[in-house]
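Participant: Pasting in a structure now, in structure tokens, and then I'll have a few things to ask.
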Amino acid sequence: MKKNLGLLTLAALAAQVADAQKATADRPNIVFILADDMGYGDLSCFGSKHVRTPNIDRLSQQGTTFTQCYAGSGISSPSRCSLMTGLNTGHTRIRDNQCPVGGRVGVKINPKGDTTYIHRTNLMPEDTTIATVLSAAGYRTCLVNKWHLDGYDPEATPNHRGFDEFYGWTISTVHSNAPYYYPYYRFDGDQLINIRENRNDRHVRHNTDISTDDAIAFMRRQKDKQQPFFLYLAFDAPHEPYIIDEKTWRWHDIDEPFASAEAKENAQRYAALIEHMDAAVGRVIRFLEKEGLRQNTIVIFASDNGAAIQAPLPQLRCNAGFRGRKAQLYEGGIRVPLIINMPGRVPVRRLENIVYFPDMMPTLAQIAHATTNLPQKTDGIDISPLFFGQEVDTDHRMLYWEFTGKQRAARLGNWKCVTIKKDAPLELYNLKDDPGEQHNLAGEYPEMVQMFDLLMRQQRSPSECWPLPGE
């Protein structure tokens, strides 16, 4: 009898431990959805009059929307590195898509099929990522589709940097990232597999659909397990080249003046890529609802930077009238949508708090109740109280960005100091009065420019791959 009682006690304790590991409203599953090169103004809920995004709009209408969120950088790799590590581009391992020295040399294929050889660096094993933090907190972690932090090192893929599962493409394997939207090659962990329907360059399965299928399959495997999950679903859309066939998604007419029929079709494809992604977001949400996961899952949606120069910027107002675009540190290059949604926990609010990608590391760590494997340093703050109806002062700190030796920018309160040209003087803007950065006030407030210059220099640590002269 004593033996049986002991076994029952152990079973009860095991059940308690298992229950403690389940996702709850206080320790939820996390689904982070990231668009690629989508401008601040490309969603209906952020003012688009041409792109239809009812599913993402619903997340905004039923959740908390941040109108002053900033990406980690104006381009993909450094922005995603900032997101994953909680560091700004004065401190991150990766500060640009390519590095002038160091790293590894590899092949870059442009949309026309031409190849060039460039240097890239990658996240190292000693770098702490959100995935390593959440894994240590008991989460099952999965990245679907775009990583862009492996450089040309095949050992720097997501499943070697904290993620338990990875389904997508890498920089280091050239043929795994071309063609972009109807791929034949794709990774399942370390194994390169084929999307047989797309063999011989056939356009059958679009990458947005493949990625959504992979994401749902991961969540389906996790739904009955005694473990919360972190899904990082990083779509390619609407990154150029703008390839989506009408059999994949029906384009709609855009009643705007275009220089040519080709330019109009380009805009239609661009809009279709975003609308197709919006439908994919809807599929993810419906799966969560159908499987009873919605109440214990927080969904986050953002874009990695502003819209690219190839986008129909003036016709669709992709960057919502902000100055600049992808690869620039003006608002159009770094201000992005941020939407937080979780029924019953995240209130309906539209917030003007100033937040940015480095905040995600301490924020998601707090949401997951992570206590180990935390990074020694972050440039962000925990903004999770803002997700759940409370208040946090986010506006009395400096946000910083750089493309080493070429561009730098900082924001402090309503003021922003920026230059996007090498050796050009700093410009100063009051974003409250001048969100479009049209009136340079540097001549009127030279002492403030000097203060920004000093503070920005203090934000930068030396980098072996992005050295400044004299370093």
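The values are calculated or read from the model by the stated rules, or taken from the named source; none is laboratory data. Since we're looking at a predicted model, the values are computed, not measured. Positions of Cβ are generated from backbone atoms using ideal geometry, with glycine treated the same way; all protein chains shown enter the neighbour counts. All accessible areas refer to the heavy atoms of the entire protein, side chains included, with ligands and DNA or RNA removed. Shrake-Rupley method; radii C 1.70, N 1.55, O 1.52, S 1.80 Å.
Participant: Just one of (1) on the phi < 0 side of the Ramachandran plot; (2) at pLDDT 95 or above; (3) in a loop (DSSP other than H, G, I, E, B) trips up M84, so point out which.
Facilitator: (3)
Participant: Within region 445-457, identify whether any single residue is within 28 Å of R104 (Cα to Cα), open to solvent by 40 Å² or more (accessible area, probe 1.4 Å), over 23 Å from the mean Cα position of the chain (by Cα) and not aromatic (F, W, Y), and answer yes or no.
Facilitator: Yes, there is a match, as at least one residue in region 445-457 is within 28 Å of R104 (Cα to Cα), open to solvent by 40 Å² or more (accessible area, probe 1.4 Å), over 23 Å from the mean Cα position of the chain (by Cα) and not aromatic (F, W, Y).
Participant: Which one is surrounded by the fewest Cβ atoms within 10 Å (Cβ to Cβ) among residues in region 250-268 that are closer than 25 Å to A279 by Cα and hydrophobic (A, V, I, L, M, F, W, C)?
Facilitator: A263
Participant: Of R221, R205, which residue is surrounded by 15 or more Cβ atoms within 10 Å (Cβ to Cβ), over 21 Å from the mean Cα position of the chain (by Cα) and without any contact (Cβ under 8 Å) to a residue 40 or more places away in the chain?
Facilitator: Exactly one of R221, R205 is surrounded by 15 or more Cβ atoms within 10 Å (Cβ to Cβ), over 21 Å from the mean Cα position of the chain (by Cα) and without any contact (Cβ under 8 Å) to a residue 40 or more places away in the chain, namely R205.
Participant: Can you tell me which residue among I243, I171, I254 is in contact with a strand residue (DSSP E or B) (Cβ under 8 Å, 6 or more places away or on another chain) and among the β-branched types (V, I, T)?
Facilitator: Residue meeting the stated conditions: I171.
Participant: Inside region 124-156, can you point out the residues that are within 21 Å of A35 (Cα to Cα), assigned to a loop (DSSP other than H, G, I, E, B) and open to solvent by less than 10 Å² (accessible area, probe 1.4 Å)?
Facilitator: T129, W147, L149, D150, G151
Participant: Can you list residue pairs whose Cβ atoms sit under 6 Å apart, with the first residue in region 448-471 being among the small types (G, A, S) and the second being in a loop (DSSP other than H, G, I, E, B)? Count only pairs 6 or more apart in sequence or on different chains.
Facilitator: Listed pairs, sorted by first residue: S461/H91.
Participant: Report those strands (runs of 3 or more DSSP E) wholly inside region 335-444 carrying at least 1 residues which are within 24 Å of the chain's Cα centre (by Cα).
Facilitator: In region 335-444, 335-341, 349-356, 398-403, 407-412, 415-419 are the strands (runs of 3 or more DSSP E) which contain 1 or more residues that are within 24 Å of the chain's Cα centre (by Cα).
Participant: Being open to solvent by 40 Å² or more (accessible area, probe 1.4 Å), touching a Phe, Trp or Tyr at 6+ places or on another chain (Cβ under 9 Å) and part of a helix (DSSP H, G or I) is the filter here, so list the residues in region 289-317 that pass it.
Facilitator: Q315
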